[in-house]
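Peer 1: Sharing a structure here in structure tokens format.
The values are calculated or read from the model by the stated rules, or taken from the named source; none is laboratory data. Because the structure is predicted, anything quoted here is derived from the model rather than measured. Cβ sites come from the backbone with ideal geometry, for glycine too, and all protein chains shown count toward neighbours. All accessible areas refer to the heavy atoms of the entire protein, side chains included, with ligands and DNA or RNA removed. Shrake-Rupley method; radii C 1.70, N 1.55, O 1.52, S 1.80 Å.
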Amino acid sequence: MASAIIGGALGSGFLTAESIAVSDANPQTTAALTQKFGVAALGDNRDVAARSWLIVLAVKPQFYGEVIEQVKDEAMDGGQKIVMTLAPGWTLDRTQAAFGGPLKVVRTMPNTPALVGQGVTGFCISENMTPGEAQWVTSLLESFGRAELLPERLMDTFVGLCGSSPAFVFMMIEALADAAVHQGFPRAQAYPLAAQAVLGSAQMVLELGQHPAQLKDMVCSPGGSTIEGVRVLEEKGMRSAFFEAALRTIAKAKEL
């Protein structure tokens, strides 16, 4: 996600490499970011926090406590800095409590398509942020896809809707390609063609503004091959499987 944010901000011209500094516990990761983007590599997290007014915690949720302890003094300096979280489970109140004060917080949940500039990020902001700061943050998040300002009560639900759902879509693409390979299709062709079919279908939902059921009906000729496939999916419980997978994902996010 750090790479996605940096790449999007630089690619759109929203930020310059000179305005970004990074650090990581793994020196190889830091070196890779520096080599790829030309950003500054600093000695440790404290250095980054001390020199930055936006501090992005791009680590796994289990490491948040450790990293916050490293940077909280620098982050609280003057009360004007903004902390952006990328992890499920870290509410605005929880983050502020961990830092020990009412600092400005942006809670975000990006998804992996951000890596190719097609992400969707749900986010909410603490009440002490100014409208100008909120707009700046929105523009940053929009530099690598779509950004949706949400009430915090919907953030865990967003994990099931968008944060985890790319994994479900990847499984669908893999299954479609496997069926084609079973019937003699070269695998190297099957994956990109299945992916393009999914991409085009999603674009129709976005651009035509029709209900997904209407778009499905457009493909299903009476007595045809597509409606036969739909019958099998209904028989196998495809809708229920996606429904339950999303609900379980949401429930897990609430536990973190």
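Peer 1: What single numbered condition from (1) at pLDDT below 95; (2) over 27 Å from W53 (Cβ atoms); (3) not small (G, A, S) fails to hold for I173?
Peer 2: Every condition holds for I173 apart from (1).
Peer 1: Among what's in segment 192-233 and is in a loop (DSSP other than H, G, I, E, B) and on the phi < 0 side of the Ramachandran plot, pick the residue that is surrounded by the most Cβ atoms within 10 Å (Cβ to Cβ). First the steps, then the outcome.
Peer 2: Within segment 192-233, the first condition is being in a loop (DSSP other than H, G, I, E, B), and the residues that meet it are 209-211, 220-224.
Checking which are on the phi < 0 side of the Ramachandran plot leaves us with 210-211, 220-222, 224.
On the way: Q210: 13, H211: 10, C220: 15, S221: 10, P222: 5, G224: 11.
Of everything passing the filter in segment 192-233, C220 is surrounded by the most Cβ atoms within 10 Å (Cβ to Cβ).
Peer 1: With the requirement that a residue be in contact (Cβ under 8 Å) with a residue 24 or more places away in the chain and either in contact with a strand residue (DSSP E or B) (Cβ under 8 Å, 6 or more places away or on another chain) or surrounded by fewer than 16 Cβ atoms within 10 Å (Cβ to Cβ) (or both), what does segment 15-49 give you?
Peer 2: Matches in segment 15-49: A21, V22, S23, L33, K36, V39, D44, D47, V48, A49.
Peer 1: Another question, then. If you go through segment 127-147, how many residues are open to solvent by 20 Å² or more (accessible area, probe 1.4 Å), among the aromatic types (F, W, Y) and farther than 16 Å from L54 by Cα?
Peer 2: Number of matching residues: 0.
Peer 1: Any idea which residue in segment 239-256 is nearest to M171 (Cα to Cα), counting only those that are of a type outside the set (A, V, I, L, M, F, W, C) and surrounded by 14 or more Cβ atoms within 10 Å (Cβ to Cβ)?
Peer 2: T249
Peer 1: Restricting the first residue to segment 159-179 and requiring it to be under 16 Å from F243 (Cβ atoms), which pairs with a second residue that is at pLDDT below 95 and in a helix (DSSP H, G or I) meet a Cβ separation below 7 Å and a spacing of at least six or different chains?
Peer 2: If the second residue must be at pLDDT below 95 and in a helix (DSSP H, G or I), the pairs left are V159/A253.
Peer 1: Moving on to the next point. Being closer than 19 Å to Q118 by Cβ and modelled with pLDDT of 95 or more narrows it down to one residue among S240, S201, S221, S225; which is it?
Peer 2: Step by step, each of S240, S201, S221, S225 is checked, and only S201 is closer than 19 Å to Q118 by Cβ and modelled with pLDDT of 95 or more.
Peer 1: Looking only at residues in segment 81-97 that are of a type in the set (A, V, I, L, M) and within 16 Å of the chain's Cα centre (by Cα), which one is most open to solvent (accessible area, probe 1.4 Å)?
Peer 2: Here is the first cut: in segment 81-97, the ones of a type in the set (A, V, I, L, M) are 82-84, 86-87, 92, 97.
Of the ones still in play, those that are also within 16 Å of the chain's Cα centre (by Cα) are 84, 86-87.
On the way: M84: 0, L86: 21, A87: 3 Å².
In this case the residue turns out to be L86.
Peer 1: Cβ-Cβ below 6 Å, separation at least six or inter-chain, first residue in segment 128-143 and within 21 Å of G11 (Cα to Cα) and in contact (Cβ under 8 Å) with a residue 24 or more places away in the chain, second open to solvent by 60 Å² or more (accessible area, probe 1.4 Å) and of a type in the set (A, V, I, L, M, F, W, C): which pairs?
Peer 2: What qualifies is S143/F14.
Peer 1: Quick one: would you say K236 is open to solvent by 90 Å² or more (accessible area, probe 1.4 Å) and either touching a strand residue (DSSP E or B) at 6+ places or on another chain (Cβ under 7 Å) or touching a residue at least 60 places away in the same chain (Cβ under 8 Å) (or both)?
Peer 2: No: the conditions fail for K236.
Peer 1: Give me the residue from segment 120-144 that is within 12 Å of the chain's Cα centre (by Cα) and at pLDDT 95 or above and, out of that set, farthest from R94 (Cα to Cα).
Peer 2: Step one: list which residues in segment 120-144 are within 12 Å of the chain's Cα centre (by Cα), which gives 120-123, 141-142, 144.
Subsequent filtering for residues that are at pLDDT 95 or above retains 120-123, 141-142.
On the way: V120: 24, T121: 20, G122: 18, F123: 15, L141: 22, E142: 25 Å.
Going through the qualifying residues, I end up with E142.
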